[in-house]
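Taking it in order: structure first as structure tokens, then the write-up.
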Amino acid sequence: MSNEKFKILFVCLGNICRSPAAQAVMQRLVDEHGLTDQFAIDSAGISGYHCGDLPDRRMRVHARPRGYELTHRSRPVERADFEEFDLIIAMDASNASDLRELAATPDEVLKIELIGPYIHHPHYDYVPDPYYEGSEGFELVLDLLEEACNNLLDKLIEKTNKTK
């Protein structure tokens, strides 16, 4: 990769469950692969309802035994994010649709991807919102994100190796 970091933004509705968890999962994978200096990872929400809040307590509780400390403070997607980030990953089709409405140019729309293609689960092609679910919902989200982020990073590494 070039000297400039490849910037990834994970987006869900409120930026308190799925996207901050995705941010933590991807950051750990990047760090474990020794690629910290090549990637910048962040997260945001479609809504600003929880602006400034830590991730949902239940998500933090379920993430901790897996080694993730979720300390990101919720923030809404901003216009500048479309210029700043190289890749914007939506957790579900609704988030992707909202992002496409916020995008100002066709090039910005092209930066938006669904997380679904990186999930190889027989029942899920998106990351469901666990907010109104029990413990199983938060564990499922973490399982899906670990798989998706691993596959995404593999794709990005493969793409980078092809361009060298």
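Computed from the coordinates by the stated procedures, all read-outs in this text should not be read as laboratory data. As the structure is a computational prediction, the values presented were derived from the model and not from experiment. Cβ coordinates were reconstructed from backbone atoms using ideal geometry, including for glycine residues, and neighbour counts include every protein chain displayed.
A few remarks follow.
- Residues in segment 87-110 that are under 13 Å from the mean Cα position of the chain (by Cα) and of a type outside the set (A, V, I, L, M): 92, 95.
- Here residue 128 meets the list (1) surrounded by 14 or more Cβ atoms within 10 Å (Cβ to Cβ); (2) under 17 Å from residue 9 (Cα atoms); (3) not polar (S, T, N, Q) almost entirely, failing just condition (2).
- Residue match in segment 53-60 (condition: in contact with a Phe, Trp or Tyr (Cβ under 8 Å, 6 or more places away or on another chain) and either surrounded by fewer than 13 Cβ atoms within 10 Å (Cβ to Cβ) or in a helix (DSSP H, G or I) (or both)): yes
- The number of residues in segment 1-41 that are among the charged types (D, E, K, R) and buried (at least 20 other Cβ atoms within 10 Å of the Cβ) comes to 1.
- Residue satisfying all of: in segment 131-164; among the β-branched types (Val, Ile, Thr) and surrounded by fewer than 18 Cβ atoms within 10 Å (Cβ to Cβ); nearest to residue 64 (Cα to Cα) among these: 157
- Scanning segment 87-122 for residues that are among the β-branched types (Val, Ile, Thr) and in contact (Cβ under 8 Å) with a residue 24 or more places away in the chain, we see that the one that is farthest from residue 12 (Cα to Cα) is 119.
- Count of segment 1-18 residues, restricted to those that are more than 22 Å from residue 94 (Cβ to Cβ), in a loop (DSSP other than H, G, I, E, B) and either touching a residue at least 24 places away in the same chain (Cβ under 8 Å) or polar (S, T, N, Q) (or both), is 4.
- Residue 66 satisfies every condition listed in (1) touching a residue at least 40 places away in the same chain (Cβ under 8 Å); (2) buried (at least 17 other Cβ atoms within 10 Å of the Cβ); (3) among the basic types (Lys, Arg) except (2).
- Tally of residues being touching a residue at least 60 places away in the same chain (Cβ under 8 Å) and either polar (S, T, N, Q) or not in a helix (DSSP H, G or I) (or both) across segment 123-164: 7
- Residues (acidic (Asp, Glu), more than 24 Å from residue 160 (Cβ to Cβ) and part of a helix (DSSP H, G or I)) located in segment 83-122: 98, 101
- Single match in 80, 21 (criterion: touching a residue at least 12 places away in the same chain (Cβ under 8 Å), of a type outside the set (S, T, N, Q), on the phi < 0 side of the Ramachandran plot and not in a loop (DSSP other than H, G, I, E, B)): 21
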